[in-house]
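One structure below.
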Amino acid sequence: MSTPGGAPIHKDQLKAKYIGTGDADMTKYEWVTNMHRDTMASHVGHYDQMSYYAVAQNESLGRVKKEFLEKMLEPCGKPPVGAKEEAYEKILNN
Amino acid sequence: MSSITSAAAMKLLDIRLKHAGSIITSAIGEFSTSGVQEIVCLRAGGTIDLFRIVITNVSTENNDDDEEDEEEEVQTTLKLLKRVETRSTLRSLTAIRISGSKKDVILVGADGGCLSLIAFDTATPANNKNSDASVTYKIIHCPSFGKSGCRRDTPGQYLASDPRGGRAVMIASTEKRKLVYVLNRDSGGNITIASPLEAHRPRTVVFDLVGVDNGFDNPIFASLEVQYPEYEDAVLAERKKKTDEEDHEKMEEEERHDVELGQHGDGYTKQLAYYELDLGLNHVSRRWATSTVRSACCLAAIPGGLDGPSGVLVGGEDYIEYLHEGMSPPSSANGNNKITPKRLICAIPRRELHPKSKGILITTISVLRQKKGKFFALAQSELGDVYKVTLQMSKEDKTVVTHMTICLLDTLPIGNGLNISKLALLFVPAEFGDHGLYQFDAIDIEDSAVKFTSEETISAFVKSGESSEDAFYASSENAAAIVPTFRPTILRNMHKVFTLDSLAPVTSVLVGELAGNEVSPQFYTLCGRGPRSSLRILRHGLSVTELAVSELPGVPGGVFNVRDDRTTKNGKFYDRYIVVSFADATLVLSVGETVEEMGKESGFLTSDPTLACSALGNGDKDGGIVQVCPGGVRHIRRVNNQVNVSQWSVPGIKKIECASANESQILIALAGGELIYFELDPMSGNLTEACTRDIGTDVCCLDVGPVPKGKSRSLFAVVGSRDSNVRLLSLAPASLLEPKSSTTLGATKPYSAALSIVDGGDGASELTMTVGLEDGSALRANVDPITGAISTSPSRRFLGARPVSVSRVTLDGSPSTLLLSSRPWIGRNGNGRHSMAPMSYAPLDHGCSFSNEAVREGIVATSGTTLRILSVGENGGNNALLGNDDDEAFNATNVSLRYTPRQMCLLSAKVGETGKKIVLALVESDYNDYGAEEKKSMGFDGTGRLKTTSKKIESKSNDDAMDMDEDSDDDANNEEKKEEADEEDEDDINTRLTPIRGPVPSGKGHWGSCVRLVDPQNACSTLDCVELNRNEAALCCASVRFHSRGGESLLAVGTVTSMTMHPLGHKESHVVLYRVVNGDRLQFLHRTKVDDGPVLSLVHFQGRLLVGIGRTLRLYEMGKRQLLKKCELRGLPTMVKTLHAAGDRAYVGDMMQSLHFIRYDSTANRLVLVARDRSSRPITCQELLDMNTVAVGDKFGNVSILRLPGGADVGAIDVTGTRALWDSSREDATPKLETLCTYHVGEVVTSMTRASLVAGGAESLVYVTVTGRVGAFVPFTSREDVEFYTSLEGYLRVEAPRPTGRDPQAYRSYYAPTKHIIDGDLCDAYAQLPYETKQKIAEQLDRSVGEVMKKLEDTKNALL
């Protein structure tokens, strides 16, 4: 990867600029979270889909939109920090 | 449809029948004309509509001149001025007035990755003063900034403009990106737009965005946002927490898990941030941020500068907060020094029955700036209650807000915005159901209404002793403990003045002629949600109001109107006589307050039939009346109150066959084809015989045409003769009765003819000839106004089974034609197109226009032996509201329902021994709602008409009436009168009825539901309604005939008990069977408990019942006590959503994983998977096209047509029976379905049905969407049509304007490339293109512009 000028772009820079950019070391949680955020944003953007959910849930559109946006913060809960993840990280670091 | 599926490729054309009703967002401003308030709405389906609030005075004056009894009635309507098709997913809208301009322009955020700036303008047509000025639009700028699509980081979701100076606009995405565009004007007055400035903030989710009114300081935008931590930080924080917890014996773990995301204490802070655009440095910075209530979700800007304190109102759950940079904390109510409240916050009054644990979210706030620096805000809650929010400023410093008061205004349908007009009107675009325009009766309601103030809120907090303000305000219990409660009632402070129709959400559609006595099929649609649910029966055609019906002594042979020259009112002529002609007599009726029969005093010859009659003269002089009888032409004049008749008799024994007359010309035809022309001599006032000509063949019909405005005569007459020719003759004095042109009709003969002057495309008037033919069709052709040449491509349309009689009428101020066959039709011109619509009325025999003071634009017609006075539209002929120009006209009959309707099915019920009756069964259910009986026991009243405990509004003095406009004082007066006079007035109550949502249960899994039986033959009246209790919800229904039980049609209903949505769960599910007794009652047969999941679909399958239960498909046989399980197929991917059956096949739509073809192997009694789809589509609906082909709609708004490849079926049947069940469903072995067509409709398609829309017409695939659109996919019948439409679509993809910068092809290929479906909307855009472009495209298609237009029209005509 490089800029139009030819200067190389660091992976971290790329990640910062284009949200949702993945890499080989990405954890499952990170990837899934990202997918869910994309989905939520798409739902909020499509009025017809929001209507569809609002009818199903019998909530107002404002409430449905708010719930979707709130869900974007933490769509899959807190990151898992069990022993498994630590072991995985160790492998990555080595 | 089988004919087209047999073709190599299925090609369909998408035609819109009814536009989506939902309004995404709206803005009020002065858009097309300075000084006139208009409303711009973004509609689902990608159109921008501009409405004007039109207020007309309808004076209903009694005819008696002595009585001064004039009633002034004001009628308020919304008139569609302009519709802009964008072909994109619209998201946000803001109006902006750029400094130095007198009009507002709109900015639209859509999915094109562009910010579009659109201006409306009024273009006055050059030579047509009669019609309204037409409104045009112009795309001023459309700078592109990102990728297309509704992406998380592509701006477009939020738009905010600088409210004061109109200097800048901010466009934001849901996450991270915010761009600021600076707007300016160049020396020529044109709006310029600078390149965007970035105000990005990573990992920040934006909830709302608003432009702060900051006077003329640097523009500031307020954003409500939350930042989430980076992944690494989140992991670290979790680790730390985990180690802490291990130390603290897991105490905190439990505590933390109690807090749901979005509640206070979940670890996130919601901030209100000010982004300042420094105009000097050309730079945007995050100037100030403060934390706000965690549940906040909407913002509104408070006027600033000299007019107010500036700042924003933040609406959240239970509270509205005022925030501004540098605001001083409110003065504490009591002197507890420990706690110093910092927030200026006020709780909202709550509904009586609302659970204390549940918050009420404020979803929209809107501010109205009044005169003299006064303002107020209206806020609407998610339940629909509208509150008035007022701020009190400190006496010393007008910019310091000290108190806030919130009082309840009224309960309205939940809206997507509140548009307050300066005319004391409120437009509420409802999120579901019809939109309403409301008139305020009172707005200064602080003294009488249920209210709460910020002091009370703050002092409650101080008293509570809670240390943290956030924690106190986060709890709904705290709010519920302090605020007053109210019970929602009918509207108290406003009333509804206008309804804008919207079907949204449509959940199901059924097309068929079920009413039993109509010509063409009706659409039965299930619409609405909760208290606004309805079954709507749509009929193609204009609605007709029947104003009077009277019996006649015989069957009339014609009806005519005679204009009254004596009374002209507002330059309009009303009718004096209605002349009804019989076989041997004429009846003259005088039109006045009542219609009365006239005798000899009228001067008419009543012993003979009348062939034509008309008032003569051009209005300023009484020219008398001409009556043409078979024996001669009679000129009736009134001289000194004496009737003076001069008669021209037919020489010899000949009789007049047919005749036509207008204000100055009379043309008669004698047997044998002799034409005689008379003209009124303007000097002497006498009729003179001007010319005679023999055309050699008997004349069937003729018409002299209307006299053009400002001219003394019509220049052409049309004559239809028995040799199947239609001739156009000149009436110009130099070439009297000379043939100008003619056209031949082939096998049929003309029956009636009319020439009319219609509004052409660009304001010019056109001459059109309409000929009704004996074979029941009508021919329409344009006539060259100079040479009299009939255009080469006349359009012909079949209208009905009877010869067509044509006459001229006026509708909506524009000339139209009335065509009567076995169905009455109206032909109109608008937007450069001609459209025909049937009238929803009984067949008529003869008709002509009719006009008097009460009915300005009516029709008088005869049907059998009755005379009827009708008006088109619903408002009694005054200001008739017709279908929008580019929509097909539909009229709807509403039947209210109890809960949100889910599905319906037709049942053929036995009546008596042999009789059969078709009834319609529907299932209704509402989540988060109590059943009807529970509601009643709680004391809830859905109509709000019960006597309430809250105080009745007292009439107030006018001193502090709403300072919106001069009118407001009058309103207050009216209000007083109303209170006194018509408390019980039913009309008044009707305008004050409002839907009230039932009490919300505090727990999860509550449902209200019922099964209803309606009679389509009797205006869909309810026959029986069975309420399901104990939170049982009916979600699907089907008609089933068990072969083992003699084939009686039973109703099977799938129910789920205590289903919850998040997470999806339920207690148990059932299949309930009902029998229809005597065609009017539901009898419960039995209930079968089914395990494995909720029942979402049922279908009759080979004399048994096939049920989709969760991931299982099961076949049931009827038993005595319950259904008997016969066979099942487990392991479908997610959940069976839709089911169809044909022969031994079942077609299963999965909620996530698209379609599966299943085959029932009766020898082995098992269900075998035949084929599945390659793509995973979340199916919402499906319709069977033939044994191998299914159309499906998915949750993303796509429609696809899938087909089983040839031969795939054979492999699935295992004759040996040795193969295991699961073998056939092995991933590698299952054949895959082919995708024949794909198309992005743009709205979630909720139901599809195959139907022909006219009796005996070709079938098409009718679909409905959640946002209320009705459309049809029409199969092409010829290769020529396919080629024409494919190339036309290709050219229009390039040539059609793109108001939001979205490529039409890319939009239709949103999720998958569009395939074999042609966008009919895009093709219709051809009519709106500039003439040069039209010409260019037509040339490339080897056709003329007229031919292309005709083709487009013909395709639509063939459908309806």
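Would you mind ranking B:GLU1068, B:GLU924 by Cβ crowding within 10 Å, fewest neighbours first?
Ordered by Cβ neighbours within 10 Å, fewest first: B:GLU1068, B:GLU924.
Please arrange B:MET769, A:MET35 by how many other C-beta atoms lie within 10 Å of their C-beta, fewest to most. If you can, show how the numbers build up before the last one.
On the way: B:MET769 26, A:MET35 13.
Fewest-to-most Cβ neighbours within 10 Å comes out as A:MET35, B:MET769.
Rounded, prolate or oblate: which fits region B:1278-1359 when a ≥ b ≥ c are the square roots of the eigenvalues of the alpha-carbon gyration tensor, with rounded for a/c under 1.5 and prolate only if a/b beats b/c?
Note, shape of region B:1278-1359 comes out oblate.
Let's test the formula: R0 of 30 Å, r as the Cβ-Cβ distance of B:GLU466 and B:LYS374. What FRET efficiency results, to the nearest 0.05?
It comes out at approximately 0.25.
Sequence-distant or interchain residues sharing an amide H contact under 5 Å with B:ASP104, placed H: which?
B:GLU30, B:PHE31
Does region B:295-502 classify as rounded, prolate or oblate by the C-alpha gyration tensor (a ≥ b ≥ c root eigenvalues; a/c under 1.5 gives rounded; else a/b over b/c gives prolate, otherwise oblate)?
Here region B:295-502 falls in the oblate category.
Taking the Cβ-Cβ separation of B:THR1163 and B:LYS79 as r and a Förster radius of 60 Å, what is the calculated FRET efficiency to the nearest 0.05?
Numbers: r = 67 Å, r/R0 = 1.11.
Plugging the Cβ-Cβ distance into 1/(1 + (r/R0)^6) gives 0.35.
Determine which residues of region B:1278-1320 fall in the zone a paramagnetic label at B:ALA123 would reach in this model, i.e. backbone nitrogen under 17 Å from the point 7 Å along Cα→Cβ.
It comes to B:1296-1299, nothing else.
How high is the relative contact order of chain B? Use alpha-carbon pairs under 8 Å, at least six apart in sequence, and give a whole percent.
9
In what order do B:MET683, B:MET327 fall by count of nearby beta-carbon atoms within 10 Å, going from fewest to most?
Fewest to most other Cβ atoms nearby, the residues stand as B:MET683, B:MET327.
For B:THR748, project a label point 7 Å along Cα to C-beta. Then give me every residue of region B:1340-1359 with its amide nitrogen under 18 Å of that point.
Residues B:1354-1359 qualify, since their backbone N sits under 18 Å from the label point.
Using 0.36 nm times the number of residues separating B:ASN894 and B:HIS1062, minus their current alpha carbon distance, what extension gain do you get?
Full extension of this stretch gives 57.1 nm more.
Tell me which chymotrypsin sites (Phe, Trp or Tyr not before Pro) from region B:188-221 have a DSSP coil assignment and no more than 13 other beta carbons within 10 Å of their own.
Here the sparse-neighbourhood loop sites are B:PHE216.
Report the one residue of B:LEU437, B:PRO309, B:ASN419 whose Cα lies farthest in the direction of the positive end of the charge dipole of region B:295-502 (charges on C-beta: Lys and Arg +1, Asp and Glu -1; origin at the Cα centre).
The residue sitting farthest along the positive end of the dipole is B:PRO309.
Per the helix-only calculation at 222 nm, which mean residue ellipticity applies to the protein assembly as shown, given -39500 (n - 2.57) for every DSSP H run of n ≥ 4 and division by its residues, nearest 500 deg cm²/dmol?
Numbers: 21 runs with 203 residues, N = 1454.
That calculation yields -4000 deg cm²/dmol at 222 nm.
Within region B:497-523, what residues put their amide N at less than 14 Å from the label point 7 Å along the Cα-to-Cβ vector of B:VAL1254?
Taking a point 7 Å out along Cα→Cβ of B:VAL1254, the residues of region B:497-523 whose backbone N falls under 14 Å are B:519-521.
For B:ASP694 and B:ASP278, calculate 0.36 nm times their separation in residues minus their Cα-Cα distance, and state this gained length in nm to one decimal.
That works out to 141.2 nm of additional length.
With a ≥ b ≥ c the root eigenvalues of the C-alpha gyration tensor of the protein assembly as shown, is it rounded (a/c under 1.5), prolate (a/b larger than b/c) or oblate? Before the final figure, lay out the partial values.
Working: a/c = 1.81, a/b = 1.43, b/c = 1.27.
It comes out prolate by the Cα gyration axes.
Determine the relative contact order of region B:1278-1359: mean sequence separation of Cα pairs under 8 Å and six or more apart, normalised by residue count, in whole percent.
Relative contact order here is 31 percent.
When the Karplus curve 6.51 cos²θ - 1.76 cosθ + 1.60 is applied with θ = phi - 60°, which whole-Hz ³J(HN,Hα) does each residue of region B:354-367 get, with x for Gly and Pro?
6, x, 5, 7, 9, x, 10, 8, 7, 9, 9, 10, 9, 10
So, R0 is 60 Å and r is the distance between the beta-carbons of B:GLU246 and B:GLU1283; what FRET efficiency does that work out to, to 0.05?
With a Förster radius of 60 Å, E is 0.20.
Every number here is computed from the coordinates shown, using simple stated rules; none is lab data. Quick caveat: nothing in here was measured; it's all calculated off a predicted structure. Using ideal geometry, Cβ is built from the backbone for each residue, glycine included, and neighbour counts are taken over all protein chains shown.
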